[in-house]
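The values are calculated or read from the model by the stated rules, or taken from the named source; none is laboratory data. Fair warning: this is a prediction, and the values are worked out from it, not measured in the lab. In this analysis, Cβ positions are derived from the backbone assuming ideal geometry, glycine residues included, and neighbour counts consider all displayed protein chains.
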Amino acid sequence: MSYTRRVLAWAIQNNPNEPEFHQAITEIFTSLKPFVDSRPEYEKAGILERLIEPERVIIFRIPWVDDAGKVQVNKGYRVQYNSALGPYKGGLRFHPSVSLSIMKFLAFEQTFKNSLTGQPLGGGKGGADFNPKGRSDREIMAFCQSLMTELSRHIGANTDVPAGDIGVGAREIGFMYGQYKRLANCVEGVFTGKGLSYGGSLVRTEATGYGLIYLMDGMLKRRGETFEGKTVVISGSGNVAINAAQKCTQLGGKVVALSDSNGYIYDADGIDIDAVKLIKEVKRGRLSMYKKHRPDSVYQDGRGIWSIPCDIALPCATQNELHEEDAKILVKNGCIAVGEGANMPTTLEATDVFLKNKVLFLPGKAANAGGVSTSALEMAQNSMRIPWTFEEVDEKLKEIMANIGKSIDEAAKEADFEGNFVVGANIAGFKKLAEAMMQQGVV
Ligand code: NDP
Ligand code: 2IT
């Protein structure tokens with residue numbers, strides 16, 4: 001059995017009941033197979049065995065008191081996956097589905113994504129099985145403070161730098177950062193996505209969605225296409241989806257649909273993004289309220305968003321939200337490009353459908369890397385104690401996304417998989433990581 005197959009089988013056997021983690025490592029190892037198996041130095045250095053085992057996993061209790069005076073307990077996680085390239089870096093997710101498997105898949109993906117950015121970032125991820133929906137600001141604060149009381153001892157500006165993800169935005173980061181500062185008695189860039197008044201960076205809020213559109217725009221242009229006049233369907237209606245919709249609209253695309261965990265909206269005239277922001281960001285409400293703003297739009301319960309005909313599909317909600325049947329419908333409806341704003345939104349089978357049908361497919365670790373890249377820019381500004389303007393950060397983000405596009409394209413070509421950016425992104429991410437790990441010895 002080849003080196004890659006053997007380590008993959010071993011990892012799956014040794015980490016039972018972790019389906020999302022198995023899915024992520026299967027995708028990456030399958031891509032790496034020809035590259036790694038033809039280079040015995042990797043096996044000699046045990047690179048894959050060391051890469052697949054997180055350096056550290058912290059699981060902890062988060063006790064807090066709700067508004068009714070009842071004690072609640074949640075499970076918290078921080079997976080510190082790999083520090084070969086820099087401090088552990090990656091978001092925190094608050095969602096009832098959070099499990100060890102989901103944390104590990106996200107942290108493993110993050111390690112490759114961060115490598116691809118070309119910035120000095122290791123990989124990590126964390127979160128809790130906490131459901132913020134319907135909770136008061138005081139309950140959110142109590143939860144965030146309790147989480148940070150434990151997490152604070154494991155993080156630091158040069159150790160591990162968390163940020164936001166699903167269910168964690170400016171409000172939650174503010175509460176967690178405030179508690180960290182109090183416990184550590186230290187003001188440092190230990191978080192990214194901070195508020196602008198206390199060390200945050202301009203463009204970080206927009207960065208993941210903008211970066212996705214910058215990369216897609218660049219890759220479309222290589223095929224002689226642009227966003228101008230294209231019909232676009234975007235799933236989700238959170239940070240990534242909203243900012244992707246905004247930039248896409250600025251570039252001439254027409255976003256006709258968005259979704260949340262209950263259903264989706266279709267607006268043939270193009271989604272009114274300000275209305276969505278009001279509903280989701282200010283009122284923390286449901287997309288079903290959109291019809292009040294635009295009576296001619298349609299709201300539909302359920303996960304049928306991919307049946308809407310479009311030229312470009314951008315899954316920006318969560319893992320495994322786009323299945324094989326959805327991919328077949330998208331292809332049948334003439335979709336020419338898919339960009340993953342979310343982490344692993346497309347199942348392995350659906351990805352195959354896109355690749356076989358020559359759909360331009362941009363995998364999450366490249367397509368959504370704009371968020372963490374801008375986090376690295378926030379860290380740089382914190383270290384220098386000098387903030388950059390919106391235009392300066394935006395320019396740097398564009399350059400980083402263009403470089404990512406170039407490196408996944410070149411890596412795919414070198415591996416004889418021209419146009420397959422799943423292979424391109426995995427190999428390009430792996431090469432840099434493996435080189436750093438080899439040079440640092442067996443650690
Ligand atoms: P938000 O919490 O801001 O928004 C998440 C959106 O996805 C909401 O519309 C939510 O619906 C929907 N959603 C979440 N879980 C589910 C589910 N199980 N089924 C259906 N819909 C769901 O998160 P972000 O926009 O920050 O994150 C979205 C994706 O992008 C995630 O995969 C995240 O890992 C990834 N990502 C985020 C980055 C960032 O900088 N924020 C960077 C890179 C990737 P509802 O409102 O009903 O909960
Ligand atoms: O998945 C991701 O890349 C994020 N949630 C952002 C991580 C970060 O550290 O900015």
Filtering strands (runs of 3 or more DSSP E) wholly in region 56-109 for at least 2 residues that are of a type in the set (S, T, N, Q) and surrounded by 17 or more Cβ atoms within 10 Å (Cβ to Cβ) gives 71-82
Being of a type in the set (Gly, Ala, Ser), within 16 Å of ligand 2 (Cβ to nearest atom) and closer than 23 Å to Ala425 by Cα narrows Gly238, Gly209 down to just Gly209
Going through region 122-175 in order, the residues found to be part of a helix (DSSP H, G or I), in contact (Cβ under 8 Å) with a residue 40 or more places away in the chain and among the basic types (Lys, Arg) are Arg138
The number of residues in region 176-185 that are polar (S, T, N, Q) and either in contact (Cβ under 8 Å) with a residue 24 or more places away in the chain or within 15 Å of ligand 1 (Cβ to nearest atom) (or both) is 1
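Here's the yes/no breakdown for (1) surrounded by fewer than 16 Cβ atoms within 10 Å (Cβ to Cβ); (2) touching a Ser or Thr at 6+ places or on another chain (Cβ under 9 Å):
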{"residue": "Val256", "(1), (2)": "no, yes"}
{"residue": "Lys291", "(1), (2)": "yes, yes"}
{"residue": "Pro295", "(1), (2)": "yes, no"}
{"residue": "Gly302", "(1), (2)": "yes, no"}
{"residue": "Cys316", "(1), (2)": "no, yes"}
Going through region 349-368 in order, the residues found to be more than 17 Å from the chain's Cα centre (by Cα) and of a type in the set (A, V, I, L, M) are Ala350, Val353, Leu355, Val359, Leu360
Output for Cβ contacts, cut-off 7 Å, separation at least six or different chains, first residue over 15 Å from Asn343 (Cβ atoms) and assigned to a loop (DSSP other than H, G, I, E, B) in region 110-121, second of a type in the set (Ser, Thr, Tyr) and modelled with pLDDT of 95 or more, reads Gln119/Ser373
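Can you tell me which residue in region 116-133 is farthest from ligand 1 (Cβ to nearest atom), limited to those that are among the polar types (S, T, N, Q) and closer than 29 Å to Ala380 by Cβ? Please lay out each step first, then the result.
Residues of region 116-133 that are among the polar types (S, T, N, Q), as a first pass: 117, 119, 131.
Retained after the next criterion (residues that are closer than 29 Å to Ala380 by Cβ): 117, 119.
On the way: Thr117: 11, Gln119: 14 Å.
Top of the filtered list is Gln119.
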Over region 143-158, the set of residues more than 12 Å from Gly174 (Cα to Cα) and touching a helix residue (DSSP H, G or I) at 6+ places or on another chain (Cβ under 9 Å) is Phe143, Ser146, Leu147, Thr149, Leu151, Ser152, Arg153, Ile155, Gly156, Ala157
The residue that is nearest to ligand 2 (Cβ to nearest atom), considering only those in region 343-373 that are of a type in the set (Lys, Arg) and not in a loop (DSSP other than H, G, I, E, B), is Lys365
Just to be sure before I move on: is Lys113 within 12 Å of ligand 1 (Cβ to nearest atom) and at pLDDT 95 or above in the structure I sent?
yes
Restricting attention to region 14-44, the residues that are in a helix (DSSP H, G or I) and either surrounded by fewer than 16 Cβ atoms within 10 Å (Cβ to Cβ) or of a type outside the set (Phe, Trp, Tyr) (or both) number exactly 21
By residue number, the members of region 381-412 that are surrounded by fewer than 16 Cβ atoms within 10 Å (Cβ to Cβ), assigned to a helix (DSSP H, G or I) and of a type in the set (A, V, I, L, M, F, W, C) are Met384, Phe390, Ala402
